[in-house]
Amino acid sequence: MTLPFDNSYARLPERFFARQPPVPVAAPAPLAVNRALAERLGLDPDWLESPQGTAVLAGNAVPEGAAPLAQAYAGHQFGGWVPQLGDGRAVLLGEIVAPDGARFDLQLKGAGQTPFSRRGDGRAWLGPVLREYVVSEAMAALGLPTTRALAAVTTGEQIWRDGFPRPGAVLTRIARSHIRVGTFQYFAARGDTEALHLLTDHVIARHYPGAEGPLGLLDAVVAAQARLIAGWMSVGFIHGVMNTDNMAVSGETIDYGPCAFMDAYHPARVFSSIDQFGRYAYANQAQIAAWNLAQLATCLLPLMGEGAVEAATNSVQGFVPVFQAEWLRRFGAKIGIQQATDADRPLIEGLLGRMASEGADFTRTFRGLITGTARDEFTDPAAFDTWEPGWRARIAQEPAGLMEAANPVRIPRNHRIEQAIEAAVAGDLTPFHRLNDALATPYVPDPRFADLEAAPRPEEIVSRTFCGT
Ligand code: AMP
Ligand code: MG
């Protein structure tokens, strides 16, 4: 099988990356191939499952037409500046052009050391690989922009994490591109204006063909991120590491590390074990995104000429109205209002406030508005009863069906992901595949998956996620 490569990033100057083939592994074995995604990309799923396909997915064979490289980038991690990060354990094989002309990066994550590995081993273990597979595919099925998982393989090697030997794995990740805010920061920090020009043109051509110049690009990225964050919030998603190197300029969700979908709602909810001060808490995400975008704006200033600071400031401030409108549209739909206005905010916030103080499950409460079971989610159902009449009056004239399309029944709950990983480590992939199947149709109730629709029992609750990737 020849893959339809056309590697535009590899044609940028050499200082954008390090040419680096994946490092072969001892004994590649297939774990999962995303057949539907393969077909969408114009790739043969049977070939991907074959020994030759497995060799490519493990990095043991480099397919014809690939131009493997590790991308250079920098970033602010938890607000602290790191002038050089880069792909330390990922290799971009190249870009493939799908039958409809859409261009996608094909990246192997866990493909061995690169010049950007610092002290890392360049590898990934099975747990985080399966986690990213499940959560990124769930995100796509929920209808939100995200990188995708094309495949996962095991390496036959053990790697050390947190003092334990773990089974090694490689994830094949698909993205519109892997260009990050941190990619711009890498060149801005080096005063490399020429590279910034080239990168700007590259990103415009690839993601925002209508955008004019650096300011047009900034406007477009700001709007895409504002919509994305509102989308995350509408499904209770907490990214967990919104560092500037983990924010894609395409507006896709990227880098599923210690991320989580909330069970019980609380605006201050944090899962990541390393987020001590709640920088990336649920309700901080819009503010952090705007902060990250201000870093992108700063990088673009040298390209903008006169009035740059004011224009860039206005552009970043454009985040707020786009985010607020999208938040209102999404949360309005969640409670059954087609065109919510600012006058509806108190109603939405009244529900969220009660959910927070009564430990209500985010997903089940909204879905319960349809089935009449929402009040059961509140420790004290009377809290819901004081909200319900005003809501019923408000939606009396609204069209039916809005809530069914805005409120998923199934999300990738932490405890289910952990259980699927535990089983996979013990050699049983059944729960992993079942979870993927269930999450492919998140808006459709299905009695076969009742266990995946339930909230965790108290002893099942997972309140910490780890970066030990
Ligand atoms: P992340 O936390 O996945 O966003 O990674 C932050 C940075 O650390 C990136 O530059 C990664 O490439 C690098 N990194 C993470 N894990 C490893 C590893 N096991 N080996 C080498 N580099 C790594
Ligand atoms: Mg990252």
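Annotation for region 147-244: GluC sites (Glu not before Pro) lying in DSSP loop with at most 12 further Cβ atoms inside 10 Å of their Cβ are Glu212. Each Lys and Arg adds +1 at its Cβ and each Asp and Glu adds -1 at its Cβ; summed about the Cα centre, region 179-407 shows a dipole of about 260 debye. Secondary-structure-derived ellipticity at 222 nm for the chain, considering helices only, amounts to -12000 deg cm²/dmol, per-run term -39500 (n - 2.57) for DSSP H runs with n ≥ 4.
For region 185-279, what is the relative contact order in percent, using Cα pairs closer than 8 Å and at least 6 residues apart in sequence?
The normalised contact order for region 185-279 reaches 20 percent.
3J(HN,Hα) along region 156-171: x, 10, 9, 10, 9, 9, 6, x, 10, x, 10, x, x, 8, 10, 9 Hz, from the Karplus curve 6.51 cos²θ - 1.76 cosθ + 1.60 with θ = phi - 60°, whole Hz, x for Gly and Pro. Can you tell me the FRET efficiency between His197 and Ala382 if r is taken as the Cβ-Cβ distance and R0 is 45 Å, rounded to the nearest 0.05? Given R0 = 45 Å and the Cβ-Cβ separation, E is 0.15. In a reduced charge model with +1 at each Lys and Arg Cβ and -1 at each Asp and Glu Cβ, region 265-371 shows a dipole moment near 440 debye about its Cα centre. When the Cα positions of Ala383, Pro22, Ala10 are compared along the charge dipole of the chain, Pro22 comes out farthest toward the positive end, with charges on each C-beta of Lys, Arg, Asp and Glu. Among the chymotrypsin sites (Phe, Trp or Tyr not before Pro) in region 231-328, those located in a DSSP loop and surrounded by at most 11 other Cβ atoms within 10 Å of their own Cβ are Phe277. Would the chain count as rounded, prolate or oblate if I go by the C-alpha gyration tensor, calling it rounded below 1.5 in a/c and otherwise prolate when a/b exceeds b/c, oblate otherwise? Oblate.
Summing +1 for each Lys or Arg and -1 for each Asp or Glu among the other residues whose beta-carbon sits under 15 angstrom from that of Phe187 gives -2. Solvent-accessible area assigned to carbon and sulfur over the chain amounts to 54 percent, based on a 1.4 Å probe.
According to the square roots a ≥ b ≥ c of the eigenvalues of the Cα gyration tensor, what is the shape class of region 9-175, taking rounded for a/c under 1.5, prolate for a/b larger than b/c otherwise, and oblate for the remainder?
Judged from the Cα gyration tensor, region 9-175 comes out rounded (a/c under 1.5).
Between the C-alpha center of region 179-205 and that of region 277-339 there is a gap of 20 Å. Between Asp162 and Ala343, the FRET efficiency estimated from the beta carbon spacing at R0 = 41 angstrom works out to 0.20. Only Cα pairs under 8 Å and at least 6 apart count here; give the relative contact order of region 279-345 as a rounded whole percent. Computed over region 279-345, the figure is 21 percent.
Just want to confirm a number: the relative contact order over region 179-407, from Cα pairs under 8 angstrom separated by 6+ residues, in percent.
Relative contact order, region 179-407: 21 percent.
Per residue, how much accessible surface does region 88-139 expose to a 1.4 Å probe? Answer in Å², no decimals.
Working: 1470 Å² over 52 residues.
Accessible surface, normalised per residue, equals 28 Å².
For the chain, the dipole from Cβ point charges (+1 on Lys and Arg, -1 on Asp and Glu) about the Cα centre works out to 480 debye, to the nearest 20.
State whether region 179-407 is rounded, prolate or oblate according to the following rule on the C-alpha gyration tensor (a ≥ b ≥ c being the square roots of its eigenvalues): a/c under 1.5 gives rounded; otherwise a/b larger than b/c gives prolate, and the remaining case gives oblate. Taking the square roots of the gyration eigenvalues as a ≥ b ≥ c, region 179-407 is prolate.
The values are calculated or read from the model by the stated rules, or taken from the named source; none is laboratory data. All figures in this text were calculated on a predicted structure; none of them were measured in a lab. We place every Cβ from the backbone using ideal geometry, glycine too, and count neighbours over all the protein chains shown. Just the protein is used for accessible areas: all its heavy atoms, side chains included, with ligands, DNA and RNA removed. Shrake-Rupley method; radii C 1.70, N 1.55, O 1.52, S 1.80 Å.
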